[in-house]
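Note sheet for the following structure.
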Amino acid sequence: MYIQVASKWPSLNRKVMGFVVGGLALCGLSITPASAIEIQRVESPGGIEAWLVEDYTVPIVAMEFSFEGGTTQDPADKLGVTSLLSIMLDEGAGELDSQAFQQKLEDLTMSLSFSAGRDNFYGSFKTLSANKDETTDLLKLALTDPRFDAQPLERMKAKTIAGIERALKRPDSVAALAFTKELFPEHPYGWPRSGTVESVSNLTSADLEAQHTKIFARDGLKIGVVGAISAEDLSPLLDKVFGELPEAGSLTQIEEVEPATGVVKHLPFDTPQTSIQFAMPGLKRDDPQFMEAFVANHILGGGTFSSWLYNEVREERGLAYSVGSYLVPRDHTALWMGYTGTAGEKAPEAVEIITDQIKRLTKEGPSPKELQEAKAYLTGSYALSFDSSSSIANQLVGIQNANLGIDYINERNDLIENVTLEGVKAAAQNLLSGVEPSVITVGPFGAEQTDPIQ
């Protein structure tokens with residue numbers, strides 16, 4: 001199967017096209033407008049599946065992977081354990097302590113990192129193809145036999161706590177933490193992903209081991225590989241790296257939840273600029289109206305220099321340097337969120353303009369010209385999602401997690417082209433009509449201050 005990544009490039013100007021093609025060549029993908037990427041579905045002898053894009057322009061192999069289960073799997077009394085796990089996996093494994101493991105990474109010129117999302121746990125790996133036997137040995141150790149030694153654990157806990165304390169001094173971070181709590185007050189989506197100072201301080205190596213056992217399993221594993229490796233070589237390597245993981249984990253069932261609407265909160269904060277965040281219900285990725293909502297969002301606030309929010313908040317009134325909106329489809333909920341920051345005395349005006357534009361989207365909808373411009377941008381810029389081997393591998397994993405099918409890259413722009421004006425208006429009305437957005441502001445707010453969020 002051949003995936004036409006560049007099929008919509010004629011709508012890009014030559015400068016952008018040159019940047020994309022040059023960038024792809026530098027990272028190991030020699031792509032021209034007439035070329036194509038072949039995605040192969042590779043299955044190991046042990047039944048582990050990966051999606052592979054072979055390319056031998058440079059001798060590098062990039063692998064991205066994810067496990068089902070993210071920070072929502074934190075026990076209520078051990079918040080931050082999944083995030084801490086993500087930064088402990090390269091701090092020693094097998095017979096290698098933290099220093100020896102890090103030295104081995106450097107000696108082999110490989111990169112290895114992990115991160116914890118709300119619904120998934122992610123891994124990122126890149127190696128010279130000549131070193132793949134040794135580097136995949138190290139990757140396997142990190143996944144199957146992490147050490148969680150006391151000294152690096154205390155060091156990483158201290159680093160995490162310092163990060164939490166720094167976040168509490170930044171209005172944007174304070175707004176994000178408070179907002180998730182307000183949107184999902186009785187749900188794991190409302191918990192702080194990094195935990196709290198108290199919860200992280202109490203975490204132990206036994207807690208990390210339990211969380212590792214809970215999440216790391218083959219049944220929720222998705223893998224994307226790009227670079228100088230054949231399907232024949234990748235197949236046994238998958239079993240080597242992942243084959244010793246248990247077939248199934250022991251994930252906690254997460255309930256479906258709707259974000260709270262109509263919540264208006266202000267948190268006084270000693271800063272000259274007020275952080276503003278807002279949210280409405282969104283759509284999950286498999287919803288039939290998702291593409292219509294995706295285009296509607298671009299018109300409302302997703303277009304960097306062309307959206308309604310950009311024009312009204314920045315261009316017309318000069319209230320903010322940055323303003324925008326975005327869709328957040330998760331496994332158990334969906335959000336339509338946005339943000340800006342402005343001088344405290346202008347914050348009430350900015351909030352009013354934002355809510356007015358949301359109402360405008362439901363009552364008037366975009367013009368035919370605005371729809372056409374949005375579709376042209378969204379289709380033309382899609383190639384920029386494939387600017388490195390790692391980003392392509394990441395795309396492959398994301399498509400698998402969303403169950404969009406191996407043909408999605410080839411079909412995506414056609415799905416956007418098929419979006420109609422009536423469809424965009426219907427999606428906006430179905431989502432937003434009669435819905436009051438939730439808004440949180442952190443900082444000064446006009447001439448008045450209200451009680452802080454408890």
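The helix-based estimate of mean residue ellipticity at 222 nm for the chain, built from -39,500 (n - 2.57) per DSSP H run of four or more residues and divided by its residue count, is -12000 deg cm²/dmol to the nearest 500. Charging the Cβ of each Asp and Glu at -1 and of each Lys and Arg at +1, and nothing else, the dipole of the chain about its Cα centre rounds to 1120 debye.
Shape of the chain from its Cα gyration tensor (a ≥ b ≥ c, root eigenvalues): rounded if a/c is under 1.5, otherwise prolate when a/b > b/c, or oblate? Because a/c hits 1.5 or more and a/b fails to exceed b/c, the chain counts as oblate.
At full extension, THR109 and GLU38 could sit 22.8 nm farther apart than now, given 0.36 nm per residue minus the alpha carbon distance. Rolling a 1.4 Å probe over the protein heavy atoms leaves THR213 with an accessible area of roughly 90 Å².
Label separation (ALA206 vs GLU165): 2.8 nm, computed from points 7 Å beyond Cα along the C-beta direction. Based on alpha-carbon atoms, the Kirkwood radius and the radius of gyration of the range 307-454 give Rg/Rh equal to 1.02. For the pair GLU352 and GLU373, a Förster radius of 25 Å applied to the C-beta separation gives a FRET efficiency near 0.45, rounded to the nearest 0.05. Distance from the alpha carbon centroid of the range 405-425 to that of the range 124-190 works out to 35 angstrom.
Simple point charges give the picture: +1 on the Cβ of Lys and Arg, -1 on the Cβ of Asp and Glu, and for the range 258-314 a dipole about the Cα centre of about 100 debye. If R0 is taken as 22 Å, the Cβ-Cβ distance between GLU49 and LEU251 corresponds to a FRET efficiency of 0.65.
At a Förster radius of 60 Å, what calculated FRET efficiency corresponds to the Cβ-Cβ distance of GLU315 and LYS240, to the nearest 0.05? The pair GLU315/LYS240 has a calculated efficiency of 0.65. Taking all protein chains as they are arranged and a probe of 1.4 Å, the heavy atoms of VAL174 leave approximately 20 Å² accessible to solvent. Put a plus charge on the Cβ of each Lys and Arg, a minus charge on the Cβ of each Asp and Glu, and nothing anywhere else: the dipole of the range 241-386 about its Cα centre is then about 380 debye.
Per residue, the accessible area of the chain comes to 45 Å² when a 1.4 Å probe rolls over the protein heavy atoms. Compactness ratio for the range 106-244: Cα radius of gyration over 2.2 N^0.38 Å (N = residue count) comes to 1.27.
Heavy-atom accessible area, probed at 1.4 angstrom with all protein chains present, ranks THR420, THR135, THR271 as THR420, THR271, THR135, highest first. The 1.4 Å probe gives accessible areas that order THR136, THR252, largest first, as THR252, THR136. Residues ASP414, ASP207 ordered from highest to lowest accessible area at a 1.4 Å probe: ASP414, ASP207. In the range 40-108, one over the average inverse separation of all distinct C-alpha pairs is 15.6 Å, which is the Kirkwood hydrodynamic radius.
Among the protein heavy atoms, those of PHE179 account for about 0 Å² of accessible surface (1.4 Å probe, every chain in place).
The values are calculated or read from the model by the stated rules, or taken from the named source; none is laboratory data. None of these values were measured; they are calculated from a predicted model. Here the Cβ is made from the backbone with ideal geometry for all residues, glycine too, and neighbour counts use every protein chain on show. SASA here: full protein model, heavy atoms, side chains in, ligands and nucleic acids out. Shrake-Rupley method; radii C 1.70, N 1.55, O 1.52, S 1.80 Å.
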